[in-house]
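Worksheet for the structure shown next.
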Amino acid sequence: MGTTFAERYESKLISGKEAAGLVKSGNHIHLGGAANIAAIIDKYLADRVNELEDIRVVTYIDTIKYKICEADPEGKVFKWYSGFLLSSVRHVSKQRGIGVYIPETWHTAPMVYREKHHFDFFFIVTSPMDDKGYFNFGLTSGHNRAIADVSDKIVAIVRKDMPAINGGYEESLHFDSVDYIVEDNEFETFCLPEIESKPEDKIIAENILNSGLIKDGSTLQIGIGGLPNAVLDSIASSGIKNCGLHTEMLTSKMIDLIEQGVVTNSEKKADRFKTVFTFCLGDRKLYNYANQNAAFSLFPVDYTNSPLIISQQPNMFSLNSAINVDLTGQVASEQMVFNGRPYQISGSGGQLDFVMGTLLSQDQKGLSVLALYSTYKDTSRILPLLEKGFNVTVPRTLTQYVATEWGVVNLRGLSNSSRAEALISIAHPDFREELFKKANELGLISYTSIKEENKGIVFLRQ
């Protein structure tokens, strides 16, 4: 850090409590997202619950439990909204309803924020300033630059343990763009606990690999969780080679593929020899590995998740998880129902982005897989039709491959009858007869029976 910057740096330096004290009644503020949530501001804002009114707080990819929600359970003071909920805040949606959610397909967020949003303060977690005066966004780019562009005041929340990730572009803010600086010595950067794969995850992963959907040279987008981890483990042991990574999220398991030489990025058409992502969540080993790694590129989400960019990658393979699929192929991935009322458990995120990107693939080899367990609490997750309260994340016209423990089917190009039959074939055996009966009652199957036609079936497990 140069002397000039050092002197100016001190002039902008304030405490976390002082930064939270800048917020006034009626303000709109953003606290960031994923590993870059300004927890120190959340803490000291919660202490002001009795002195503030009508504060609109926005976040996304919620990795922490918010003190402002605990201090103000009904949201009378802190009107909190999120672009993507995780388990730490699902109870808030149960209590306050789905009105707390901001629907968006993530690649459009930078454009939408620049056109529609305004914030009085953006509290953005960064890595320490470099000697050129830049604060790197670290583990999360997303739509952070767009949020900064529409914020009156920017407060850099500096964490010593936040790695600096190479861009890409729009991965940092210059000192002159920052109004205040807080050195956060109270909170460590969030690390994601290891997620163990269930037996069902491993079976679904085997089904996907046995279907031949991932090949040498495939470009991968795979998310986080037990199933994605099982798929990554299966790839590692499969002998598949020369894969690429163009993904929304970089995870710890992906580093295993890089270190084993499975991922080389050598076959990619865009960003060759680069692992591209818009945010990163995992363990400390992952963060240290990503720190200033020349083979990694952090991009804003309107690049990583743009269907037009995704479509350029060869043999693009996308895997995302679903909650329910109905017999027409409608996919619900983000809400559940509790006591007759829907609540948000996640968000649309980039699921539809990558479904569209694979559909538009320039080499016409893009594949999108939406995977789910066949049952949940002794009920079928494959439904005759989506029930009241279930929002559609992926419309039936865009759904391609669907995978469960019982097999993999390809719905693209099928009639409603053939779709229903294909999906029933990968439902849990205990529910197939009832699903077939309901499909006939609803007119989803008009002419054939499941025993006569097996169109769309890619792989079935006996």
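Coordinate-derived values only; no laboratory data. Only a predicted model underlies this, so the values are computations on that prediction, with no experimental measurement involved. Quick reminder, even Gly has a Cβ in these numbers, built from the backbone with ideal geometry, and neighbours come from all protein chains shown.
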Item to complete: May I ask what percent, to the nearest 5, of DSSP beta bridges between residues of the range 3-183 are antiparallel?
Response: 10
Worksheet entry | the range 320-462: antiparallel DSSP beta bridges as a percent of all, rounded to 5 | 70
Discussion item. Treating only the Cβ of Lys, Arg, Asp and Glu as charged (+1, +1, -1, -1), what charge dipole size does the range 299-434 show about its Cα centre? Round to the nearest 20 debye.
Written reply: 140
Worksheet, complete the sentence: When the charge dipole of the chain is computed with +1 at the Cβ of Lys and Arg and -1 at the Cβ of Asp and Glu, the Cα pointing farthest to the positive end, of 4, 321, 35, is that of 321
Item to complete: Apply the Kirkwood formula to the range 3-183: the hydrodynamic radius equals the inverse of the mean of 1/r over all pairs of different alpha-carbon atoms; give it in Å with one decimal.
Response: 16.5
Worksheet item: So for the range 1-90, what percent of the C-alpha to C-alpha distances run longer than 15 Å?
Response: 60
Practice prompt. Per DSSP H run of at least 4 residues, take -39500 (n - 2.57); add these up for the chain, divide by its residues and hand me the 222 nm value, nearest 500 deg cm²/dmol.
Written response: -7500 deg cm²/dmol
Discussion item. Please give the Cα centre distance for the range 202-272 versus the range 363-413, rounded to the nearest Å.
Written reply: 21
Worksheet, complete the sentence: Of all stretches in the chain that avoid chymotrypsin sites (Phe, Trp or Tyr not before Pro) placed in a DSSP loop and having at most 13 other Cβ atoms within 10 Å, the longest is 274-446
Practice prompt. Over 22 Å, how big is the tail of the calculated P(r) for the range 199-460, in percent of all Cα pairs?
Written response: 54
Practice prompt. Quick one: grab Rg to one decimal and Dmax as a whole number for the range 225-291, Cα atoms only, in Å.
Written response: 11.5, 31
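Inverting the mean 1/r over all pairs of different Cα atoms, compute the Kirkwood radius of the chain and quote it in Å.
In the chain this quantity evaluates to 23.0 Å.
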Discussion item. Are there any trypsin sites (Lys or Arg not before Pro) in the range 133-231 that are in a DSSP loop and have at most 13 other Cβ atoms within 10 Å? List them by number.
Written reply: 160
Worksheet item: In debye to the nearest 20, how big a dipole does the range 199-460 give about its Cα centre with +1 on each Lys and Arg Cβ and -1 on each Asp and Glu Cβ?
Response: 360
Worksheet entry | Within the chain, percent of DSSP bridges classed antiparallel, to nearest 5 | 30
Worksheet item: If only Cα atoms are counted, what is the Rg of the range 156-301, and what is its Dmax, in Å?
Response: 16.9, 54
Worksheet item: What does a probe at residue 70 reach in the range 1-40, counting residues whose amide N is under 16 Å from the point 7 Å along Cα→Cβ?
Response: 38-40
Item to complete: May I ask which of 132/274; 67/274; 160/253; 116/365; 215/438; 12/274 have a Cα-Cα span longer than 28 Å here?
Response: 67/274; 116/365; 215/438; 12/274
Response to the item:
From the Cα centre of the range 330-358 to that of the range 113-188, the distance in Å is 29
Fill in: the range 298-405: radius of gyration over Cα atoms, expressed as a fraction of 2.2 N^0.38 Å
1.12
